[in-house]
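Okay, structure first, notes after.
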Amino acid sequence: MKCGAETAIGTKIDTSGDDSMSAEREQRGDGAVVSTLDPAQPEEAGATIPELVIISGMSGAGRSTAAKCLEDLGWFVVDNLPPELIPTMVELGARSQGNVARIAVVVDVRGRNFFDNLKGALADLAAYHVSRRVVFLEASDEALVRRFESVRRPHPLQGDGRIVDGIAAERDLLRELRGDADLVIDTSGLNVHELRAKLDARFAGEEEPELRATVMSFGYKYGLPVDADLVVDCRFLPNPHWVPELRPYTGTSEEVSNYVFNQPGAKEFLDRYTELLQLIAAGYRREGKRYVTVAVGCTGGKHRSVAMSEKLARRLSDGGVETVVVHRDMGRE
């Protein structure tokens, strides 16, 4: 969602004719717009101060994917908003009578001079007691170069130089912000689905759960998931790929799932591995670990691992663990 564009529910906010808002903003000598709203006013008026997430990081590291993910989760998302307008967005959210309770703002080097004002804008928010977090997305130089070359677009800071020159300049510009970030995600080895799963696990719930799990099916021929905490192998079960009538389907279909769990050892494996995960989950809670990724693999990531992941996720969910299912390689064939 672009700045000034439609909201996540399809409506538009127009402040051009809002005299009260106009009266509470003034222009500094340097041209920046600052708020003169009394920090105590929203609470006195019974307004709700919205929760705020700042999404930033390296160009090409997945900021747009992160923004879309939060928008799908019901956040009001504004892309490439000048930092000095962040307090204004918070004011608008506070006046929305609870309709805009969570705001996500994408801030990056496309703002150029505006980006320098981010620190001041965040300092201004402290007066409003805003609950805010900074999510920083990064990736290795090699991964970023590959991504820019694949889309054949220049880095926004490379100028007349090379892509690596722009990446180096951006890292230097963002170093302090990265150090202050509340959540740093390295997307070097992540695909879109894996990144979305991480963000879903962090932002999907209204309250922080005791433990959140991501159950990810994958194909061994495409490589192990780099962020897996636990890996389990389903290749001991017969492969539905070799059953002609099942080959076109995936493990999400009832036909394939029934075939997999009618094989000797499949149900026993599910029962015992669920018990093992319950034991591990209890240990994770004691150690303060709140996120776990369980990777379930088969040869191609289409049949056995998908069916097992679906059943395993349902068992974990029934056991009180908030669970997200991701099928990393389903559909790659």
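Before moving on, here are some points about what is shown:
- Region 151-167 - residue that is open to solvent by less than 40 Å² (accessible area, probe 1.4 Å) and of a type in the set (A, V, I, L, M) and, of those, nearest to A139 (Cα to Cα): I167
- Restricted to helices (runs of 4 or more DSSP H) entirely inside region 67-166, those with at least 3 residues that are modelled with pLDDT of 80 or more are 86-94, 141-151.
- Single residue of F203, F218 found to be in contact with a Lys or Arg (Cβ under 6 Å, 6 or more places away or on another chain) and within 25 Å of E138 (Cβ to Cβ): F218
- Within region 180-201, restricting attention to residues that are of a type outside the set (V, I, T) and open to solvent by 60 Å² or more (accessible area, probe 1.4 Å), the residue that is farthest from the chain's Cα centre (by Cα) is D180.
- Residue within region 152-167 that is acidic (D, E) and in contact with a helix residue (DSSP H, G or I) (Cβ under 9 Å, 6 or more places away or on another chain) present: no
Table: residues versus (1) part of a loop (DSSP other than H, G, I, E, B); (2) open to solvent by less than 50 Å² (accessible area, probe 1.4 Å).
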position: D227; (1), (2): yes, yes
position: G251; (1), (2): yes, yes
position: Y259; (1), (2): no, no
position: R272; (1), (2): no, no
position: L276; (1), (2): no, no
position: L312; (1), (2): no, yes
position: G320; (1), (2): yes, no
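The values are calculated or read from the model by the stated rules, or taken from the named source; none is laboratory data. Remember, predicted model here, so these are calculated numbers, not experimental data. Positions of Cβ are backbone-derived with ideal geometry, glycine not excepted, and every protein chain shown enters the neighbour counts. In case anyone asks, the SASA skips ligands and DNA or RNA and just uses the protein heavy atoms, side chains included. Shrake-Rupley method; radii C 1.70, N 1.55, O 1.52, S 1.80 Å.
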